[in-house]
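To start, the structure under review is shown below, and the notes come after it.
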Amino acid sequence: MSLKQTDPKIYELIEEEKQRKKEGLEMIPSENHTSPSVLEALGSILTDKYSEGYPGKRYYGGNQVIDKIETLAIKRAKEAFGVPYANVQPYSGSPANFAVYLAVCNPGDTIMGQNLPDGGHISHGWKVNITSKIFKSIPYHVKKDGYIDIEEARALAREHKPKLIWCGATAYVREFPFEEMSKIADEIGAYFATDIAHIAGLVIAGVHKSPIDFAHIITTTTHKTLRGPRGGIIMVTEKGLLKDPELGEKIDKAVFPGGVQGGPHNHQTAAIAVALGEALKPEFKEYGKQIVKNSRALAGGLMEKGVKIVSGGTDNHMVVIDLTPDGPGRGVFLQDALDMAGITVNKNTIPADPSSPFYPSGVRIGVPAITTRGMKEKEMKLIADWIAQITDEIKKYKLPENKEERGDYLKRFREDMAKNSLIKKIKQEVLEFGKGFPIP
């Protein structure tokens with residue numbers, strides 16, 4: 001029996017989510033629209049099988065077919081990224097990163113990663129994350145122009161001698177300085193890990209520098225620009241194996257049995273293999289190129305309308321709006337107003353944010369999903385105009401300094417936006433516009 005028959009409520013909610021996506025624009029940089037083939041693998045019978053261990057070394061019987069699937073996923077990951085080793089079992093990006101810590105660090109070791117408010121990722125040692133509780137975390141920052149402060153990172157590394165240095169982020173719009181950061185790691189003998197979760201698809205497409213010649217370890221998620229299911233991959237480079245010939249085995253043991261997960265999600269592994277197969281096709285390179293073109297066109301369109309952009313542009317798939325000219329902590333206002341107009345983004349910290357991560361002063365916008373729908377530079381200019389109009393519309397709203405007042409103030413703001421004529425007008429325009437760009 002179908003889901004519609006067995007559980008009509010869940011079926012209806014899934015259909016409601018489909019409709020939401022069709023009627024709006026998904027512009028969170030971490031999100032994309034997978035192909036029907038990826039979804040088919042993800043919803044397959046493979047979810048039924050338990051497969052603790054690795055191909056040829058399982059704790060359960062009946063894994064002959066699963067071994068073939070995982071081996072194929074590994075083969076495609078090696079080919080796509082040009083690495084000698086890959087583990088495709090991590091459930092997502094943060095578990096993949098945690099496995100790296102377990103493989104190369106001991107509790108109490110010093111680590112370095114990009115500061116979260118400066119665009120870094122929470123799993124690279126941010127103060128509320130478990131990584132900062134197990135390890136001594138030394139964050140590096142970006143300069144006023146939004147670029148990573150290489151000189152500061154070098155000075156911190158020389159002073160603190162970290163065992164592991166991360167290069168990777170969740171809201172960094174410039175090309176990562178893999179070569180410069182690798183020299184810092186090499187100077188002090190540290191492991192150098194690059195988290196390319198956001199840019200993996202761009203690396204495969206050749207529109208972002210690859211870390212393969214500079215890093216010892218590469219981690220990535222498989223959604224975002226790679227356009228696959230939610231999942232993770234850990235890779236070791238030739239340079240990594242030269243540093244430690246057993247590094248691949250240590251990664252495997254850190255993922256299972258020594259890590260935070262058990263048996264792999266085989267339906268997810270198959271879907272990763274499908275996504276990697278798609279990424280190896282020539283048309284994926286064109287897709288990656290179009291992502292960067294679209295992102296730059298969006299940034300340019302926003303700046304033409306007077307919207308302030310972190311670092312004054314972008315090299316990848318995302319743009320970060322800086323709302324501080326109209327006051328701190330206003331990211332939630334723009335996020336919610338755009339959401340009501342059918343444009344989904346997320347509030348985000350900006351470098352040297354005067355507010356907190358709960359009420360950040362920026363908004364993060366990405367183009368992977370709308371590029372998947374076939375939109376190009378011309379459409380980016382139109383979207384930039386909508387975003388700029390709404391940014392102007394909400395300028396009068398300020399985050400109360402008194403934390404106790406914020407809940408009621410935001411409730412009133414959302415009520416205002418629900419009645420706002422410009423928001424209603426743009427929502428209708430977005431709805432009509434999206435009909436010309438169907439979701440896969």
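The values are calculated or read from the model by the stated rules, or taken from the named source; none is laboratory data. Not measured: the values here are computed from a predicted model. Positions of Cβ are generated from backbone atoms using ideal geometry, with glycine treated the same way; all protein chains shown enter the neighbour counts.
Details
- Checked against the criteria, G108 does not count as in contact (Cβ under 8 Å) with a residue 40 or more places away in the chain and among the small types (G, A, S).
- Single residue of segment 384-410 satisfying the filter (loosely packed, with under 11 Cβ neighbours inside 10 Å and of a type in the set (D, E)) that is farthest from F358 (Cα to Cα): D408
- For segment 275-285, the tally of residues that are in contact with a helix residue (DSSP H, G or I) (Cβ under 8 Å, 6 or more places away or on another chain) and either in a helix (DSSP H, G or I) or without any contact (Cβ under 8 Å) to a residue 24 or more places away in the chain (or both) stands at 7.
- Against the test of being modelled with pLDDT of 95 or more, loosely packed, with under 14 Cβ neighbours inside 10 Å and within 30 Å of L334 (Cα to Cα), the options E31, E12 yield a single qualifying residue, E12.
- Qualifying residue in segment 253-274 (condition: within 18 Å of the chain's Cα centre (by Cα), of a type in the set (V, I, T) and within 25 Å of A103 (Cα to Cα)): yes
- Residues considered: I204, I218. Of these, the only one that is over 25 Å from T47 (Cβ atoms) and part of a strand (DSSP E or B) is I218.
- Selection count where residues are within 23 Å of the chain's Cα centre (by Cα) and either surrounded by fewer than 15 Cβ atoms within 10 Å (Cβ to Cβ) or assigned to a loop (DSSP other than H, G, I, E, B) (or both), scope segment 234-244: 1
- Search result, residues across segment 352-395 that are within 16 Å of G306 (Cβ to Cβ) and of a type in the set (D, E, K, R): K381, D385, D392, E393, K395
- Counted residues, segment 383-414 - those being of a type in the set (A, V, I, L, M) and without any contact (Cβ under 8 Å) to a residue 60 or more places away in the chain: 1
- Residue in segment 3-14 that is part of a loop (DSSP other than H, G, I, E, B) and not β-branched (V, I, T) present: yes
Yes or no, residue by residue, for (1) crowded, with 24+ Cβ neighbours inside 10 Å; (2) in contact with a Leu (Cβ under 9 Å, 6 or more places away or on another chain); (3) over 22 Å from S94 (Cα atoms):
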residue	(1), (2), (3)
D186	no, no, yes
F192	yes, yes, no
H198	yes, no, no
V207	no, no, yes
P211	yes, no, no
H216	yes, yes, no
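- Counting only residues that are over 17 Å from Q389 (Cα atoms) and more than 19 Å from the chain's Cα centre (by Cα), segment 312-323 holds 1 of them.
- Yes/no for T47 being in the same structural domain as V260 (by TED's automatic domain parsing) and either in a strand (DSSP E or B) or out of contact with any strand residue (DSSP E or B) (no Cβ under 8 Å at 6 or more places or on another chain) (or both): yes
- Of the set (1) surrounded by 24 or more Cβ atoms within 10 Å (Cβ to Cβ); (2) in contact with a Leu (Cβ under 9 Å, 6 or more places away or on another chain); (3) in contact (Cβ under 8 Å) with a residue 40 or more places away in the chain, all apply to L247 but (1).
- Neighbours by Cβ (under 6 Å, 6+ apart or cross-chain): first from segment 257-274, at pLDDT 95 or above; second part of a helix (DSSP H, G or I) and among the acidic types (D, E): T269/E70
- Once segment 245-264 is narrowed to residues that are assigned to a helix (DSSP H, G or I) and of a type in the set (V, I, T), the residue that is nearest to Y54 (Cα to Cα) is V255.
- Listed by position, the helices (runs of 4 or more DSSP H) contained in segment 319-406 that have at least 2 residues being over 21 Å from Q428 (Cα atoms) and not assigned by TED's automatic domain parsing to the domain that holds E175 are 331-340, 368-372.
- Selection of first residues in segment 331-360 that are under 17 Å from W126 (Cβ atoms) and of a type in the set (D, E, K, R) and of second residues that are buried (at least 23 other Cβ atoms within 10 Å of the Cβ) and modelled with pLDDT under 95, restricted to Cβ pairs under 8 Å at least 6 apart or on distinct chains, gives the following pairs, ordered by first then second residue: D353/P117.
- Taking (1) aliphatic (A, V, I, L, M); (2) modelled with pLDDT of 95 or more; (3) under 22 Å from the mean Cα position of the chain (by Cα) in turn, I130 satisfies each apart from (2).
- Some residue of segment 264-286 being of a type outside the set (F, W, Y), buried (at least 16 other Cβ atoms within 10 Å of the Cβ) and within 30 Å of K144 (Cα to Cα): no
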